[in-house]
Structure formats: C-alpha cells, structure tokens
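To start, the structure itself, in structure tokens.
The values are calculated or read from the model by the stated rules, or taken from the named source; none is laboratory data. Since we're looking at a predicted model, the values are computed, not measured. Methodologically, a virtual Cβ is constructed for each residue, glycine included, from the backbone with ideal geometry; neighbour enumeration extends over all protein chains shown.
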Amino acid sequence: MIWRERFQEWLSNPWLDPGTREELNAIAAQEDEIKNRFGQMLSFGTGGLRGPVGAGTNRINRYMIRKVTQGLADWLLAETAAPFSVCVGFDARTDSPGFAAETAAVLAANGIHAHLFEAACPTPELAYAVRRMRAAAGVMITASHNPPGDNGYKVYGPDGVQILPVAAHQIGRHISETPFFWRRSFPALHEALQQGLLTYLTQEMDQEYLAVVGDALAGYAAAVPAEARQSFPICLTALHGVGGYYLKNLLQILGFEPSVVNEQIEPNGAFPTLRVPNPENEAAFAFAIDQCRYGHRRGCGGGHRSRTRNGRVTEVQMILATDPDADRVACAVRDYVQATDQSQSGQSDAGGFRVLSGNQIAALLCDFILTLEYGSSYSRNKTGSSSRALRPEPLLAKTFVTTGLVGAIAQKYGLSVLETPPGFKYIGAAVEKAAQRGRPFLFGCEDSCGYLIGDYVRDKDGILGAGLLALAAAWHASRGSSFLERLSELEQEFGCYRESITSLTATGHDQDQGSAFIKLAALIKDNALINDSFFGRRWQEGFAGMEMLEIRDYYNGKALNLQTGFSYNLDYSGELAIQIVLSDGSRLSRVTFRPSGTEPIFKIYIAVHAGTESAALEKQERLRQEALSLIKSNLR
C-alpha cells in the first residue's frame, strides 16, 4: 500500500513542520482519509496545479508548492539564459500569501530574482506584469473559482501566456524528479531582498494595470454618450475576491457611477456568503440579486421601475460579478418580462433578473464590437472589398466549445473566427503570434466567461470584461434597447443557438490509475478514427438520429470528413478532446468530449442550432442522453 508508505515517510521526516505533523497525527487511524491524501500525486498540466489545501501528496501545501517551484526553477535554469526573473502573484484565499512567499523563497534559493506582488492581485494583472517586467515566467497562486478550501499554482511563459502542453510536460518532468523534502529551510524574504533576489510590485503596478485596461476600452467608451454611462445603474460584486478595487476604479474611469454589494466587494478567503464563488453558476448571483431586488442596500435601487424627475432609471439594471481572481466576469440583467409574468401567475418574485451565460455574453460583446468597428450597415461587395479593405483582417478567436453564434455574427461582416481548443492560453498564444505578424487583434472569448480585447495582456481579463459589458449595456440603453432585446434580435436573424455542459465528477482516490476518467482519456489517446469508429461505435450508425459529418481528434491532431473519407491535420494536437460534427439536414450541431484541465471532471459539451428554442432544447437533450449512453458503454 504505497499510500500508507507515503504517509509514514511524511510523518517520520524530521523536516516536517509541527502544524503539518499534528494534522497527520489526527488522521493516523483514518484509512480512507490517508488513502485520499496520499493515494496519488496532484498532477501538473497546462492549467498548473489545483486541489484542496492540506497535508499529503494529493493536496496543496507548502511542500507541494516548494516541489513545484523547484521543478519550475530547474526548467528555467535549463532553458533560459541568465540572468532572468519571475513574477509571483496571489489571490485573496487564506493560504495564498504564504504560498506566494514560499514560491519566492525557493526561487531565491536558486539564485532567481522574484518580483513578488505586495498584495493580492487579479490574475490578468500578473499576466500583464510578466511582459511589463520582461520576466522569464510568472506564477499565480490561485484556485480561481474553485471551492473555498482549494488553492492552486498557475504558470505563465515570458509572453504572458499560460504555458502550453510542451512546456507543461517539460516542467512536469522536472517536478516529478524533485522530492518533497530536499532542503530544510529557504531564505527569508528579507534576506532575499537584501541579496537583490526580491523586489515588491506595489500599488504603482495596480495603477499602471488599470490605466492600460482603461486605454483598451477608451475607443468603445467614446461611442457611448457620457450621459448614458453616468445614468446607467450598475451594481458590482467581486464574490469576495480581488476584483472589487479594480472594478470600482475602472467603472468610475469609464464614467459610470456604480454601487456595490458591500458584503462581497472586499477580499475574504472564507467566502462567507457563497458555497462556490463561480460567476458561471446562477447561484453565485443569489446574494447580489437579493440585495438589488428591492433596494435593501444603499445604491441598489428600488424594486419597481422607478425614475427620477429627469426620467433616468434609478434601480440597478445590471449586476457585474468577477470570480475570485478576477479573470472571468458574468452578469445578471433586469428582466421586466419575467418579473411581470411571475407576478401575474402568482409565482414568488425571482428578483426580476436574468443571469446570462458565458456564451450569451460572448455573442453580445462580439456583436457590440463589430457593430462599432464596422457599422451596422457594413457589408462587403462582390469583390470582397470594404471600407477597411487596406486594413489586415483582424483576429477574432474563440474556443471550439464556445457558441457558434459568434462565428455567425462575424460572418455577417465578412470576417472569420479562429477556433482553438478550450483554455484561454490558446487564444493568448494566437494573439501573440498575430502581434508578431502585425495582424491586429479584435476580440477573444470562451464559453466559461473569459473575454479579451487589446494588446496589453495575453490572458482573459474579468476587469476589462466588466468594463466592456458596462459599455455595451449602456450603449444599448442609450438606443432604447437592452441585452435581452438584442439577444432576441440575434436569434431572429441567425437562428437559435443553445449550449450546455454535462460534467461527470470523480473525487479522492477514485481518480487513481484504474479510474473511469483515466480510461476515458486513454480512449481519446488511442485515436478515435481507427477502424472507422468513434468510441467503439461505427460512424455509419449516426448519433442520436443525426448524420455524423466529421470527427475531430484534438489529441492526435487529426480530423476525418466522413462524407468524403478525407483526413486532414488540425491546427492543434495534444489536447484530450474529441469532437463530432452532426447534421439533421439543415443545421449543424457539435458534441465534444474532454476531461477538465484543472479538476477531476469529465465534460460533455453539447452545442446545437435550430429554428426555434423548443426545437433546440429537444435536440440538445437528445444529444446529451446519447452522449451519456456512449460514455457509460465505454466504462463497462
């Protein structure tokens, strides 16, 4: 029982700190808990490292942080010409400052200079700092939107992009060669400071970051009348994360007068009002909606469409929420139709707010940006020329599990959209490549509430996204419209797009080598295109009554057109993902199978396109049931 041996090795190590020793002694008689903590190693990948905080090899703790940082240091020393530096940031979780200090100390022990943030910061600010300081890498201590008891370790390259698979594999190899206990102590931060191996990034960096975000939004802000910005009522919540200070300051820079959810705007690693601080989930908005619904809190206006004498709407029209490390943003908007319908039917008041999905937000922002950039009446002539013919076609990018509505909107303006695997790192890398070639970048988005414009950073930015959402909403309001009305118009123009994710979750030692998810990953690696089959099913059989047009194998980097038999190379490989493209005769649908890069979750993405919402939902459920059946049949 290797997990028992690992437990004893830790407990008997003379370098183990007293607190960790006490924690392990407390579970000495709990076999299941020991197996859970020591039955496997937390794995390092492109998403870095993430997991529960606690003692053990399957936990985030100071020894895991030291081990991972030493592996990173060994890789940097082997690959990078000296001298070089590393930026280190951290979020507001309880253990994050300590883990960031451990990271800086290990770097100093290797003679590597660390630029350590003095206070908690947004992940996109860390990504910005890497390029600004010309560092060789960046480390962000964060578990993003994971539950309160988790933490994590995210790595960026010198271009400010999260590391890609090749680098992750190389770093992972160095980490695996590093023991947990190879050194008793490390330099104290004041010693590293004296030795010239540490500098602190202060509030000056915060102000600089806010300024470049504001600059990226300035052109769009100029398109929205000042009165429309000032009069559009917005309420902000940081969900107890690091975004509050930045949200308030940016919205004020842009000319808004936002209110805040006082209980959630300041950093608090305990997340007292939330179970899971993830703005992708409607439940994360419940507290904020309750505060804004009846105007119980200062600045969160009345419960009915009250107006001042000059006709200005005074109640909150939009709630903006960033996740704990502020790289994602979502919103809830007033829905007067819903509130009226519920009141008339005798249902309880749901708050009159509708939480928009990441896909809906992506479509709305793409529509807003392209309308302002090209004009609502823009069209190409038969020769393909336009009023901007001399300008290189800008880069628009989305992950291949993000709504197809983004592509449909872009096509209206004669533009194409680059599709990348899930993970904003691929969009960031595409932005970097475009910049090197002189191609302008216009917009990047992903279904999980990540958005980006501008040239200042190579990662999704929830602070920037919040500003862009505020401007887009105020722009529509100034024209007598709203996000919900615009979504309805887009549906009438392009048809009904609907997306869903079904997640299968493993916990604890169920993630071991013989687990179901390991088997599913192996099925993907084994090349689904062999023998004209997909997960053991012949493609001629179809899928949920629909015709299979194409199979895309993103691990092996191959795609097969099932109509022509033609196989071609994809732009990406090494990603554990399989996608099938389906047709019901008139419109395309997609089903994507992939394990999460940061959590013990296997995901099934369903994306459909239909003429009506009812038809889309029926098709979506049919595909979901078929996908679940297929997965279960491969686990027997």
Within region 180-190, is there a residue that is under 30 Å from Gly111 (Cβ atoms), free of Cβ contacts under 8 Å to residues at least 24 places away in the same chain, surrounded by fewer than 18 Cβ atoms within 10 Å (Cβ to Cβ) and outside the structural domain of Leu469 (by TED's automatic domain parsing)? yes
Among Arg50, Arg62, Arg37, the single one that is in contact with a strand residue (DSSP E or B) (Cβ under 8 Å, 6 or more places away or on another chain), crowded, with 16+ Cβ neighbours inside 10 Å and basic (Lys, Arg) is Arg50
Out of Leu210, Leu217, Leu239, I need the residue that is in contact with a Pro (Cβ under 6 Å, 6 or more places away or on another chain) and aliphatic (A, V, I, L, M). Which one? Leu239
Within region 24-47, of all residues that are among the β-branched types (Val, Ile, Thr) and free of Cβ contacts under 8 Å to residues at least 40 places away in the same chain, the one nearest to Arg173 (Cα to Cα) is Ile34
Odd one out for Gln252, checked against (1) outside any helix (DSSP H, G or I); (2) farther than 19 Å from Asp91 by Cα: (1)
Quick check on region 154-163. Is at least one of its residues farther than 16 Å from Phe90 by Cβ, surrounded by fewer than 20 Cβ atoms within 10 Å (Cβ to Cβ) and hydrophobic (A, V, I, L, M, F, W, C)? no
Evaluate region 65-72: report whether one residue or more is over 23 Å from Leu11 (Cβ atoms) and either surrounded by 24 or more Cβ atoms within 10 Å (Cβ to Cβ) or in contact with a Pro (Cβ under 8 Å, 6 or more places away or on another chain) (or both). yes
Can you name the residue in region 389-412 that is over 22 Å from the mean Cα position of the chain (by Cα) and modelled with pLDDT of 95 or more and, of all such residues, is nearest to Phe441 (Cα to Cα)? Pro394
Please work out which residue is modelled with the lowest pLDDT, limiting yourself to region 307-335 and to residues that are closer than 16 Å to Phe256 by Cβ and not in a strand (DSSP E or B). Arg312
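For every residue, the table says whether it meets (1) free of Cβ contacts under 8 Å to residues at least 24 places away in the same chain; (2) surrounded by fewer than 18 Cβ atoms within 10 Å (Cβ to Cβ); (3) assigned to a strand (DSSP E or B); (4) assigned by TED's automatic domain parsing to the domain that holds Leu164.
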position: Tyr555; (1), (2), (3), (4): no, no, no, no
position: Gln563; (1), (2), (3), (4): yes, yes, no, no
position: Leu576; (1), (2), (3), (4): no, no, no, no
position: Gln579; (1), (2), (3), (4): no, no, yes, no
position: Leu582; (1), (2), (3), (4): no, no, yes, no
position: Arg594; (1), (2), (3), (4): no, no, yes, no
position: Ile604; (1), (2), (3), (4): no, no, yes, no
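Yes/no per residue for (1) more than 21 Å from the chain's Cα centre (by Cα); (2) in a helix (DSSP H, G or I); (3) over 15 Å from Leu469 (Cβ atoms); (4) of a type in the set (Val, Ile, Thr):
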| position | (1), (2), (3), (4) |
| --- | --- |
| Tyr220 | yes, yes, no, no |
| Ala228 | yes, yes, no, no |
| Gly241 | no, no, yes, no |
| Tyr246 | no, yes, no, no |
| Glu257 | yes, no, yes, no |
| Asn268 | no, no, yes, no |
| Pro272 | yes, no, yes, no |
| Arg275 | no, no, yes, no |
